[in-house]
Structures are given as C-alpha cells and as structure tokens.
Amino acid sequence: MPGSVALVATTTLSMHARALHSLVVKKVVMAITGLLLIGFLLMHMFGNLKVFIGPEAYNHYAEWLKQDILYPILPHGWFIWIFRAVIAVSLVLHIYCATKLWQASLRGRGAHDNKKYTKVRRPQQTIAAKVMRWGGLTLLLLLIFHILMFTTQTITFGNFKAGATPYDMFTASFEHWYVWAIYVLFMAAVSLHVRHGFYSAFTTLGANVGPQARVFLNGLAYFAAALIFVGFMLPPTAVLFGLGVS
Amino acid sequence: MAASDKAVPAGEQASSYWKAGVDIADAKAPAGPIEKKWQTRQFEAKLVNPANRRKLTVLIVGTGLAGGAAAATLGEAGYNVHTFCYQDSPRRAHSIAAQGGINAAKNYRNDNDSVYRLFYDTVKGGDYRARETNVYRLAEVSAKIIDQCVAQGVPFAREYGGLLDNRSFGGVQVQRTFYARGQTGQQLLIGAYQALERQVEAGTVHMHTRHEMVELIIVDGRARGIVTRNMVTGAVEPWLGDAVVLATGGYGNVFFLSTNAVGCNNTAAWRAHRKGAYFGNPCYTQIHPTCIPVHGETQSKLTLMSESLRNDGRIWVPKKAEDCAKDPRQIPEEDRDYYLERIYPAFGNLVPRDIASRQAKNMCDEGRGVGPAVAEKGPDGQIRHVRRGVYLDFAEVIGRLGKATVASRYGNLFDMYAQITGENPYETPMRIYPAVHYTMGGLWVDYDLMSSIPGLYVTGEANFSDHGANRLGASALMQGLSDGYFVLPNTVNDYLAAGPFSKIGPDTPAVAEAVDAAKGRIAKLLTIQGQRSVDSIHKELGQIMWEYCGMERTEQGLITAIGKIRALREEFWSNVKVTGKNDDFNQALERAGRLADFIDLGELMCVDALHRRESCGGHFRAESQTEDGEALRHDDEFCYVAAWEFGGDGGQPILHKEPLRYESIELKQRSYK
Amino acid sequence: MKITLRIWRQADREAVGGLQTYQLDNVSEDMSFLELLDMLNEQLTAQDLEPVAFDNDCREGICGMCGVVVNGAPHGRYDSSVPTTTCQLHMRSFQDGAVIDVEPWKAGPFPIIKDLVVDRSAFDHIIQAGGYISVNTGAAPEAHSTPAPKRQADRAFDNATCVGCGACVAACPNGSAMLFTAAKVTHLAMLPQGQPERMRRIKAMVAAHDEAGFGGCTNIGECASVCPKQIPLASIGQLNRDLIASLFKGDGK
C-alpha cells in the first residue's frame, strides 16, 4: 500500500528532504532537462540545415562537431563526449522523473483500485498533453533507432560503404520513402512532445503568472514544435523529392 | 400606545400547555459596573495550571465559528480536546454561508463608535430582550476578534493604503462592519479551521468528522460525555471527558425550508434539553425578507440575497389577482401595488426585516403573490396552490442610473439570482419571499456560557445568545467568534479547575445507559417501517411551523399548531419509513433522528410563542400590535428570558423566568414612522 | 421534463460499483441537481429500495460538501454555462429526455464510502501540514499594525475562496491536488502575516500532498476549468516558484 511507504517517509526525513523528494521537484528536473534537450534539438536542426549549402559544408560541420568544438581549450574530440554525457544524463533524469510521475499519476487517479470514469470530458487536455507519456516512450524507441542508424551505423539503408561521408549517408538513407516516413513519425512525436513539454516546462518553473502568460507560453510552444518539425523534415524531404539535395 | 399597556390575557386553554417553575435569580455575572464585569470575572475565575491541562478533556460538538474557535483556543492552551462534526470536514460548518460581515467596535472610521455604542445598538436591535451583561462583553471583545482574524490571514477587504475597509450594515449609522466581499463567514470560518487543523497537527485536538452526537452523558449531575453515531460505520460509542461544549448552531430547519444548510439540526441541543438543560426563548426566529422564492414541491432549501437590494429595488404585487400569472412587464403601472410605499410612506421599501416579511406574506395570502403556484396544506387541511413571491423591481433604477451602475452595485447578486432562477433580473423583476434565516433562541446559558447542567457549555447560535428577540446584521459572526475565541476559553477553566472529575468508563452505569438509549432509539426508528418518507413528514412539520409559528402568530393558531404537531409526532413514530440498516452510511436514518427532535422542538417553540403574549423582535403576536400594525412589547409582563425545562414526554414544559434588568440602557419602544 | 439517470452505486469502500439506470418524470427545470437526487430518493424509498447516498450540506455553493461527476465533468461543468458547484447546477441546463451519467469523484486518495460519497480527509491532512499561520488566540497584534497592500490582499482573497470540494482532483488526469494546495499556499503567501512561515509552509504542504497519494501536476488546466470558485491555474505557478525558492532556504532542515 502506498500509505505505509508514506508513513516511513514522514518519520525519517526532515521536512526539507521531503520537499526535495517531492513531485514538484521531479517536475522541475524534468523541466530543466527537457529544456536542455529542446536546446540540443534546435542546435541539431540548425546543423542539419547545412545540408542545403552542400556536401562540403555539411561534412565539415559534422567533423567540427566531433573534433573541433572548444579546441584548443579542450583536446580534439573531447567536447562531443562531454556534450553526449550531458545529453545522456539529462535524458536519463528526464526519463527517471517521468517514470516516477507516471507512477504517482496512476496512484493519484486510483488506477490501482480500478477507478475509472465511465464517461470523462477533459476539454483542456490537448492531444499533445494526452499522448505525453506514451508519446515519450515512442520517442525513446525512435531515438534508439536513430542512434543505431546514424551514430553507430548498426542499421543502414541504401548503398553506402562504411566510412562514407555523413552527407552521403544522409542522402542515401532518405532516398527511401519508408525511411522518410519513419522520420515523419519520429518528428511528429518529437513535436507533439515539445508542444506540451515546452509550455509545461516554463509553467513548472513558475512562468505561468496569469491567463495572458499562459496564452503566450502556449503560443511559444506551438512555435517551437512547428519549427522543430519543419526544420528537421526539410532536408529529408528535399532528398526524397530530389529538391536541391542529392 | 405605550409599552406598559397590558397584554391580552391568555385564554384558559393556552395556559394549560405549560407549568410555572421557579425564577432564575441570577445569571452569575459578577457585581460592579458593567464595563468592569468581564475583567472581574476573568480575575475571579479559578485557573488550571498549564501542566495539568492535558489531563483535562473537553468535548466540543460542532466546528463552526463558535466550536472551531473554541477547540483551537483550548488546544493551544494545552487541554485535551476532542471535537466532532457531522460533515466530512470541520471547514463545512454553516458559519461559512454568512455573507455580510462582522461588527467590531474599532472606531477606525472616527465616527463616534465605541464599545458602548455597539452594546447599545445590539440591545436595542434585540428589542430589549437580551441580557445586558453578556452583550456588553460581546461588544468589549469584538475588537480583539478582528485582530485575531487578521493575524490568522483572513483576507478582509482593504483600502489602497493597505488598511482595513469598513462599511455600515443593517441600518446602523456607524461604519463598523468588517467584510470579505460577500463571503465574510467563509473567510472567518477558514481562519478558525486553519487554527483548528494546526492544533490537530500539534496533537492537542482530536478531530472526529462524520460523527453525530445522539446523546448526552451525565454522571453525578455533571455533563461528562456524549454518545455519537459514526455516520460511516454506524458505530454508536461514548466519548468521555470533563466538560462538554455544544456549538451546534441554530434550529431554523424546524421549518424544513430555511437558509440553513440541509444538515443543520438541533439534535445535540435537544438531547441536552431532555437531560435537563433549559431551552431559552425558542420562539425567537429571524425571518429574512429577501430570499429567492420556492420554485415547487421539490424545493429543499432557500437562498438568501443581500438586503441591500431593497436600497434600489421597488417591491410590488399586482393589484388584481388575475394579473398574477402575467408577464410582469405587461402589467401597467396603474395595476401595480407598491404596497410598502403605500403602507409605510416614510420608510417605503426600507422598512425593517420583520415588517417587510410580514407584508409579503399578507399579499400572498390575499392571492396576489407571483411566481409558480406551489401546493401547500391550508388551515382546513385542504391542499391549495398559492403563489409565494413578490416582485422586487429594478426597472426604475436601471432607467434612472443605467444598467452599468446597477451592475456595479448588485452584479454578483443578479448573477446569483439568474443562476438559481434562470431569469434575468435586468430584464424582468426579481421575485423574492421571506425565509427563516437565524434563530435567536437556544439553550439557556449563564454569564459563563454554562447551561443549567454543570459542565455543559453552549456557544454561538446554539445558545439563547446575546441577540435578544432579534439579531442585528453582522452580529452572528461576532458572537460566534467572541464565544469561541475569548469567552469560553476564559470561563471553562473555572469549572475545570475542580477536575479531573471521578474516573468513569464505558461500564459506568450512566454511560452504558446513555449508549443503550441511543441504540434503542435507532433500533426503533428502523423497525417502524411505515409508509411515509422522512422528508415528507419534515415538510409537513415545516408547513405547520411556517403557517402558525412563522412571521405572525396568534393564540388560536398556536394552539392549532400544537395539536397538529402532536398528531404529526404520532404519525412519525408509527408510520415513518427509514430504509437501510444502522451499520452503514445511512442518510435516511440520520434525517429521521433529527426530525424526531425537530418535532419535539417545534411544539416547544409554539408553547413559547403562545406564552409570550407580546410582540418583540422576531416574535410577532397579532394580538399585540399598535394601530399601525407595529410590534408592541409589554415590558411590565414579559421583560424576561423564558428558560424552559423539559417536562417529560407528554408532560408540560416548565417555565423558568430569568428577569432582564436594564441598568445601563433605558427601555424604549421602537418606531419606524 | 423526463430524465434518465445512470448513477454509480457502490455499497461500500471495498465493493465493486457500477452504473444503475433510473427514470424520473415530472422533473421541473427550476430544480437543482441535488433536488433531482432528492426526488429520485423519495421514489426509491417509496419502492422500498435504498436511496442513493450523496454528500451535500449548504446547497448554496459555499460549503464544498457536494460534488459529483455529471456527464464526465465535476459539478457538471460542461452542462452549465458558468462555473458551479453541483448544488447550483439546475435542471434547465439539460434537455428534456436527457440521459445523465452521475459518478463519484474518482481518485486514489479519495476512497469511495458509498455510492457518490467519498472520503476527502486527505485535504484536511494537507492543511494540517502547514496551511495556517501560527498565532495563538490572544497573541495577535492590533489589526492595523501591519498594512497589507490591496492588490496582494485581493489576490489572497481570490485564492482563499477555495471551498475544498475536490473537483480539481476529480478532473485531473493525474489525480493531483496541486490547485487545492496552491490556493492555500498563495492565499497565505500574499499576506504580510504569512511571510514568517512561508518557506516552511510550502515544503510541508507539498510533502503532505505527495504523501496523501495525489499525483503530480502536468499543467493541463482541467482543474481550473472546473473549479467552482475559479481558482486560477497561475496559483500553481506561485506554488512552484515558492517551492523552488524554498529549496535554497534552510527552513525545515
């Protein structure tokens, strides 16, 4: 029973420690890590768009990313690992807190007691908010697929040899409509997640100070979600339809 | 006419309904000038050493302003407090519904207010039927209530300078009313609730929600405990302690329809009354003229709207009964009867509450009421359909000042009206009708708020209170908090100083008897299995009370009412149908128990109204009025508190008079000409 | 009007509940929703059937005792044109012949006692944790010794109007009581008298909220949408800001 756990918590932890373990703090962690991840996405998207300038610019960017950022403050190739570590830790924390909050929600709405409304109307809940958790899981699976495809190159599509340039790899992959379709799904999931996540992160951090702020934050979230979808889908779409990238 | 005119003597039959008892010589206020009495009492009261307080248990029934505040305060002092309410949380008590405000003699407005003026206004407002000493104390501690509430975080209305705002209320000429929009009761109650929950957390107060008191336990002449029914499990169990406090509110629901919450009841007080606590002035009820009228037979309660509406609204009914079903906008000006303006040209629509209420009833009795015709049982026992409502029209003021100005004054009230009735008061006149709103009577208490049973204290609306025969606006909240925060916590120690009292337990004969009696009564209610639902009998009781013991009372009417109530009691105990069982959440059973006590109380109210052959405050005897139809007191004969002792089932109640001595205020007859 | 009610009946906390259908004729559109239930109960009593248990008290929208989910929304919010409590929902909001689903609040920390009645004592526990200002009776300074700026005092009032009905929890897809908690936090945080305990209070109340078994807020806004007293969603923002700030203070360590 959840009650017994709670009793232990109240008697052994200080009030400060209990507040530190609260759901609000977990939400704050999710908000901060989520915003970091959105920042990463925007950077990634910006890099992807270099594909329109040409193979050289794109390959150089990829190389710079892996080798030269912050050189000579850091030795060659270090930054990318620090960067990956930060992203990975953010992701792990984000997922950990999401899991805890998901559990709390199930308990909160009485899912363990089979409490379920026969009929329920929730007009405030956007589709984005509704699919946040299952969408997040989908996102995670697609992310793993994405890493296996482009980072470790475990899964490959099309004709390119090992050691091909990133540009070749990119164009070869997206010539296939099904790869493109998978990425449409991927980006749709990302955008929906960002749509609610972006707004929710700022709200959790206390930025929702009134109805107007709420409208503004929601507008910003729509903008960020649309930007990410369009920005990420432009290069693959151009490849698929042979529009200036090949 | 003067107040000293003799009252019409009682008929022979009337005086057979009660027995005379000995007068109450002294309410135990200390001697000395009135402004020193409370200080003297506090000094003379015996004290309880802080270290001994946790050994003393105080049981408090009710968690409204009077009960919640007392529980919190006694908890802070270190007593072992157990507190009980029938709701699911102490925050629900009906104090929460008070709208207007709370009076305090702060004189923040520099308009000649003082403790003495508040005292004077309250005694005068109560039509000189309140006990001077208590009222003075009430006025004295009023200022401290505001300090306490502000410190607790009650968000009173403020001005831009950050200081508290005041307004004048209920026709008083000084601005001494503190308010929190139209929800002052709610905010004060939440303040008391928070203080109470703080003590629950501290472990000094033990809160028992969904527990209804069904019996009082008296051991060796002292109130030592209560029996409750757990409303979830049905368990009937005793709670024992050293003193019992009843803060259980008023009994307006004896009328079935009132502005009280539907759960408000008089069972705790009535159980105490049956065990020896005197019931003071039960016939004093306050009827509020501006409530939303009854819509039909299924009406379950009435909703009050602020009296301020009468400042700008004009009250009228059609001149001709055949116009009553028409759309009021189609009735031409010459066919309207602005009856208050006609009868009382000087005061017009602003006549006092009781007059406005009584005239509305008269118009409807004449068949000139408006709104839906609702079935009711007439004096002849026949069902008839009567329109119970009069128009309160804002067309004139909207035409004069514009809709925007009217909306700024009354917008929230108009919205509330629209939500309940579905009519737009900007377009069609409002319909209003009087409703029972507050009961000034209650268990008799002395200066210490102790009832006639040692160790049984009564606070707030539940006691016969400081309001005499009529309560002023914004005084109920003041009295509840005064009793709860400041008076009781400074008087109960005088009694508890002799404790802890003899050790008792569930096996003590008096305790076991009380539990058995409560169980027996519940079992009886469940075994009748007659034909009538509890509510149908309650509605019938309400109709009897409203008809004969409402706004206007007559000797013959009251005698009729007593006969009808007795017959209804028979009907109840032989033909009520209570579904379900005891060991369950059973709302029909809860209501049946409350109704049984309301029936008995209703009879006592009629007896009290019958014996008081004068009109005063909320009690209007048709036989005692001036030529202009105003209430006429008879101070020579009735300047006393009627404290009724239970005369046994089927016996006559015994009347004990507590003479009222006016030493600081001169008795006057009120006039609205 | 003719109305068909489908009401959640559940004998006790452990029992398995389900919807039961009842027909009511001669319903007046002026009746409140609770009077409709009264009418049904009179009918059931006449048939020797057990009446439907439902919580109610003041019936004027201020005590917070009543509350059922009507057609999928607490207090029938989306049948009514204005925010309302169940007792102030009137039958004129429904069409003749309507089928109305009535269910209790369903949330983990609100066990069902019977039919439509739930146990909301978890709310009291949150208040007990710190939803007060510690001032013993008699210890208060003169009321005017600390002026309170009007704007903040008004905001305190807006939040203090919470009636503790639990609609926010019932509407929340996460079963969170953040709006309830935030209303009390904001009420007291906006007043000068509430400042000394502000940081300790927020920690204690947030911890108590979680320990009572309520879920976390996902900022959707269902709660504020159904709130009969229109407690704004922005109050949760205030709670979040205060909690973050409190983590950098030593209070309650």
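The values are calculated or read from the model by the stated rules, or taken from the named source; none is laboratory data. Given the structure is predicted, the values throughout are model-derived calculations rather than measurements. A quick note on method: Cβ atoms are made from the backbone with ideal geometry, for glycine too, and the neighbour counts reach across all protein chains shown. Note: accessible area is taken over every heavy atom of the protein model, side chains too, but ligands, DNA and RNA are not part of it. Shrake-Rupley method; radii C 1.70, N 1.55, O 1.52, S 1.80 Å.
For the segment C:157-168, counting C-beta atoms of other chains within 10 Å of every residue's C-beta and taking the mean gives 4. For chain A, a Gaussian network of Cα nodes joined below 10 Å ranks A:Ala62, A:Ala221, A:Ala17 by mean-square fluctuation, and the top entry is A:Ala17. Residues within the reach of a label modelled at B:Ala622 (point 7 angstrom out along Cα to beta-carbon, backbone nitrogen below 20 Å), restricted to segment B:551-576, are B:551-565.
Which of these, C:Pro196, C:Pro104, C:Pro141, has the largest mean-square fluctuation under a Gaussian network model of chain C (Cα springs below 10 Å)? Comparing C:Pro196, C:Pro104, C:Pro141 in a Gaussian network model of chain C, the most mobile one is C:Pro141.
Below 22 Å Cα-Cα, how many Lys pairs turn up in segment B:289-436? Only count pairs eight or more apart in sequence, or on different chains, if you could. Before the final figure, lay out each step's value.
Working: B:Lys301/B:Lys361; B:Lys301/B:Lys377; B:Lys319/B:Lys361; B:Lys320/B:Lys361; B:Lys326/B:Lys361; B:Lys361/B:Lys377.
Lysine pairs meeting the criterion: 6.
Both chains summed, the buried accessible area for B and C stands near 6200 Å², from protein heavy atoms and a 1.4 Å probe.
Using helices alone, I'd like the mean residue ellipticity at 222 nm for the protein assembly as shown: each DSSP H run of four-plus residues gives -39500 (n - 2.57), total over residue count, nearest 500. Show your work: numbers first, answer last.
Working: 35 runs with 480 residues, N = 1172.
My calculation for the protein assembly as shown gives -13000 deg cm²/dmol from helical runs alone.
When the C-alpha to C-alpha distance is required to be over 30 Å, the pairs from B:Lys581/C:Lys184; B:Lys275/B:Lys564; A:Lys26/C:Lys253 that qualify are B:Lys581/C:Lys184.
The 1.4 Å probe gives accessible areas that order B:Ile292, B:Ile398, largest first, as B:Ile398, B:Ile292.
Cross-link reach is defined here as a Cα-Cα straight distance under 22 Å, omitting same-chain residues fewer than 8 places apart; for A:Lys119 the lysines meeting it are A:Lys130, C:Lys2, C:Lys106, C:Lys114. Panel note: contact residues of segment A:11-27 (accessible area lowered by at least 30 Å² against the chain on its own; 1.4 Å probe) correspond to A:Met15, A:His16, A:Arg18, A:Ala19, A:Ser22, A:Leu23, A:Val24, A:Lys27. Ordering C:Gly72, C:Pro147, C:Met31 by the projection of their Cα atoms onto the charge dipole of chain C, which places +1 on the Cβ of Lys and Arg and -1 on the Cβ of Asp and Glu, puts C:Pro147 at the extreme positive end. What is the Cα centroid distance between segment C:1-57 and segment B:1-72, reported in whole angstrom? Rounded to whole Å, the Cα centres lie 44 Å apart. Rolling a 1.4 angstrom probe over the protein heavy atoms with all chains in place gives the protein assembly as shown an accessible area of 37 Å² per residue.
Counted over the protein assembly as shown with a bin width of 10 Å, the fraction of Cα pairs per bin, in whole percents, is 2, 9, 17, 21, 19, 13, 7, 5, 4, 2, 1, 0, 0. Solvent-accessible area of chain B (1.4 angstrom probe, protein heavy atoms only): carbon and sulfur portion equals 49 percent.
When A and C come together, around 4200 square angstrom of accessible surface is lost from both chains combined, probe 1.4 Å.
The overall shape of segment B:438-551, judged from the alpha-carbon gyration tensor, is oblate: a/c is not under 1.5, and a/b is no greater than b/c.
Could you work out how much longer the chain between B:Gln39 and B:Lys55 gets when fully extended? Use 0.36 nm per residue separation minus the Cα distance between them, nm to one decimal. Show your work: numbers first, answer last.
Numbers: separation 16, 0.36 × 16 = 5.76 nm, distance 2.72 nm.
Extending this stretch completely gives an extra 3.0 nm.
Counting only aspartates and glutamates at least 8 places from C:Lys229 when in the same chain, those with an alpha carbon closer than 15 Å to its own are B:Asp415, C:Glu60, C:Asp154, C:Asp158. Taking 40 Å² as the minimum loss, tell me which residues in segment C:28-42 lose that much accessible area going from the chain by itself to the full protein complex (1.4 Å probe). Residues of segment C:28-42 that lose at least 40 Å² of accessible area once the other chains are added: C:Asp30, C:Glu35, C:Glu42.
Taking amide hydrogens as placed 1.01 Å from N in the peptide plane, the amide H of B:Tyr438 sits under 5 Å from those of B:Gln286, each at least 5 positions away in sequence or on another chain. Between C:Trp105 and C:Val69, the built amide H atoms are under 5 Å apart, and every one of these is 5 or more places off in sequence or on another chain.
Per-atom-type breakdown for chain A gives carbon and sulfur 71% of the accessible area (1.4 Å probe, protein chains only).
The simple spin-label model puts a point 7 Å past each Cα toward its Cβ; for A:His76 and B:Glu12 those points are separated by 12.8 nm. To the nearest ten degrees, helix A:211-240 and the longest principal axis of the Cα atoms of chain A are 30 degrees apart. Cut-off under 17 Å on the C-alpha distance; same-chain residues fewer than 8 positions from B:Lys106 excluded. Which aspartates and glutamates are left, in chain and number order? Filter leaves B:Glu35, B:Asp121, B:Glu140, B:Asp147, B:Glu159, B:Asp165, C:Glu142.
Using the Cβ atoms and a cut-off under 10 Å, what net charge is assigned to the surroundings of B:Thr421, where Lys and Arg are +1 and Asp and Glu are -1?
The answer is 0.
When +1 charges are put on Lys and Arg Cβ atoms and -1 charges on Asp and Glu Cβ atoms, the dipole computed for chain A relative to its Cα centre reaches about 1480 debye.
Can you flag which of B:Lys28/B:Lys55; B:Lys19/B:Lys577; A:Lys100/C:Lys203 are past 24 Å Cα-Cα? Don't jump to the answer; show the numbers that get you there.
On the way: B:Lys28/B:Lys55 27 Å; B:Lys19/B:Lys577 35 Å; A:Lys100/C:Lys203 19 Å.
In this structure, B:Lys28/B:Lys55; B:Lys19/B:Lys577 exceed 24 Å between Cα atoms.
How charged is the neighbourhood of A:Gly197? Take every other residue with its Cβ under 14 Å from the Cβ of A:Gly197, and add Lys/Arg as +1 and Asp/Glu as -1. Working shown, then result.
On the way: positive: A:Lys27, A:Lys130, A:Arg133, A:Arg195; negative: none.
With Lys, Arg at +1 and Asp, Glu at -1, the net is +4.
Just checking the listed ones, C:Glu222, C:Glu50, C:Glu197: in the Gaussian network model of chain C with Cα springs under 10 Å, the one fluctuating most is C:Glu50.
Are there residues in segment B:409-424 whose accessible area shrinks by at least 40 Å² when all protein chains are included rather than the chain by itself, and which are they (probe 1.4 Å, ligands and nucleic acids not counted)? Residues meeting the cut-off: B:Gln419, B:Ile420.
Between A:Val184 and B:Asp516, the modelled labels are 8.4 nm apart [label points 7 Å from Cα along Cα→Cβ]. Quick check: at a probe of 1.4 Å, how many percent of the accessible area of segment C:3-103 sits on carbon and sulfur atoms? On segment C:3-103, the fraction of accessible area on carbon and sulfur atoms equals 43 percent. All other residues with a Cβ under 13 Å from the Cβ of C:Arg59 taken together, and with Lys, Arg as +1 and Asp, Glu as -1, what is their net charge? Counting the neighbours of C:Arg59, the net charge comes to -3.
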